1. Here are 184, 157: which of them is outside the structural domain of residue 246 (by TED's automatic domain parsing), under 29 Å from residue 116 (Cβ atoms) and either at pLDDT 95 or above or touching a helix residue (DSSP H, G or I) at 6+ places or on another chain (Cβ under 8 Å) (or both)?
2. Determine whether segment 73-85 contains at least one residue that is in the same structural domain as residue 337 (by TED's automatic domain parsing), touching a strand residue (DSSP E or B) at 6+ places or on another chain (Cβ under 9 Å), under 30 Å from residue 240 (Cβ atoms) and outside any strand (DSSP E or B).
3. Being more than 29 Å from residue 319 (Cα to Cα) and outside any helix (DSSP H, G or I) is the requirement here; does residue 210 meet it?
4. All but one of (1) crowded, with 21+ Cβ neighbours inside 10 Å; (2) in contact (Cβ under 8 Å) with a residue 24 or more places away in the chain; (3) at negative phi hold for residue 50, so report the exception by its number.
5. Taking residue 259 and the conditions (1) crowded, with 17+ Cβ neighbours inside 10 Å; (2) more than 21 Å from residue 192 (Cβ to Cβ), which numbered condition does it fall short on, given that it satisfies the others?
6. Check whether at least one residue in segment 107-119 is within 28 Å of residue 239 (Cα to Cα), surrounded by fewer than 16 Cβ atoms within 10 Å (Cβ to Cβ) and not assigned by TED's automatic domain parsing to the domain that holds residue 227, and report yes or no.
7. Just checking, does segment 125-146 include any residue being without any contact (Cβ under 8 Å) to a residue 40 or more places away in the chain, in a loop (DSSP other than H, G, I, E, B), in contact with a helix residue (DSSP H, G or I) (Cβ under 6 Å, 6 or more places away or on another chain) and in the same structural domain as residue 207 (by TED's automatic domain parsing)?
8. With 323, 297 as the choices, which residue is modelled with pLDDT of 95 or more and either surrounded by 24 or more Cβ atoms within 10 Å (Cβ to Cβ) or touching a strand residue (DSSP E or B) at 6+ places or on another chain (Cβ under 9 Å) (or both)?
């Protein structure tokens with residue numbers, strides 16, 4: 001057992017409720033993390049917009065999340081300013097920030113700030129986080145993400161998580177392939193169609209296609225490939241997504257970029273559905289090759305993998321998620337990071353690291 005609980009202020013992004021009512025992957029993970037930290041005996045204050053359904057004490061920055069302004073700088077800056085004011089009233093050991101502008105508060109603060117890097121460490125994010133030096137402690141959501149910017153002040157890797165019981169489980173699969181994601185070349189939907197067709201398999205395409213770049217990609221790469229062996233659904237809701245994941249022969253995930261994590265992979269595995277994927281980004285960390293799916297070094301291997309995937313046992317897929325990607329495992333990982341960065345505050349003894 002731990003000698004003392006941690007006192008944690010968790011800062012959510014301002015764009016959606018926690019947990020989200022629909023879209024909002026970060027907020028969904030965040031809700032599970034907050035509840036798991038509390039279940040493990042910690043004292044957690046959640047700072048965010050809108051309403052919350054977690055077990056934490058909740059302090060609001062916006063009555064209604066400014067979702068329609070997602071990506072604009074002003075709501076993010078206002079959120080950070082309000083968070084700064086709120087933090088002055090709290091007595092905590094560590095601030096765990098998931099927002100973009102919030103880390104600017106880390107300079108000169110007595111309480112250490114831990115930031116989870118949810119996006120790819122491209123040139124802008126790399127420069128941004130690098131400018132903090134050691135004033136900021138970073139957590140990666142995959143080891144691959146850390147390798148893409150090894151000079152940053154990483155303090156650990158903690159994979160995202162989910163509750164397996166939130167996903168339908170079906171051992172007997174139907175004979176079709178599922179692609180689930182966004183309509184972009186990086187996600188490889190065109191590759192998925194070609195691979196399924198080469199394997200003589202029907203493929204169902206459930207993908208977001210709203211932004212201009214997504215529509216351009218769909219028009220040039222996907223429309224010419226559609227036929228009787230393809231079914232285009234567009235973007236699907238949460239319930240339909242879970243139904244598709246449970247019934248599909250496998251999830252085909254032919255990504256063409258170093259995606260930091262890829263929640264859809266563990267969502268599929270939680271449904272007992274194996275993953276066939278290209279070896280990019282976090283794929284080798286999530287998919288146990290030959291046990292919960294098949295990882296291909298080249299897209300030419302995908303048709304073969306779509307035939308071979310039937311030997312993967314659905315129950316092993318679900319069990320692996322419960323063993324490695326549960327909220328309890330995620331919370332234990334963050335506790336280790338928090339305890340490694342906190343310092344004595346106003347004479348309080350730093351809690352010792354115990355059994356996770």
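1. Working: 184 fails: outside the structural domain of residue 246 (by TED's automatic domain parsing).
It is 157.
2. No, segment 73-85 contains no residue that is in the same structural domain as residue 337 (by TED's automatic domain parsing), touching a strand residue (DSSP E or B) at 6+ places or on another chain (Cβ under 9 Å), under 30 Å from residue 240 (Cβ atoms) and outside any strand (DSSP E or B).
3. yes
4. Tallying (1) crowded, with 21+ Cβ neighbours inside 10 Å; (2) in contact (Cβ under 8 Å) with a residue 24 or more places away in the chain; (3) at negative phi, residue 50 fails exactly one: (3).
5. That leaves (2) as the condition not met.
6. Yes, because at least one residue in segment 107-119 is within 28 Å of residue 239 (Cα to Cα), surrounded by fewer than 16 Cβ atoms within 10 Å (Cβ to Cβ) and not assigned by TED's automatic domain parsing to the domain that holds residue 227.
7. no
8. On inspection, the qualifying residue turns out to be 297.
The values are calculated or read from the model by the stated rules, or taken from the named source; none is laboratory data. What you are looking at is a predicted structure, and each value in this text was computed from that prediction instead of being measured. Cβ atoms come from the backbone with ideal geometry, glycine included; neighbour counts cover every protein chain shown.
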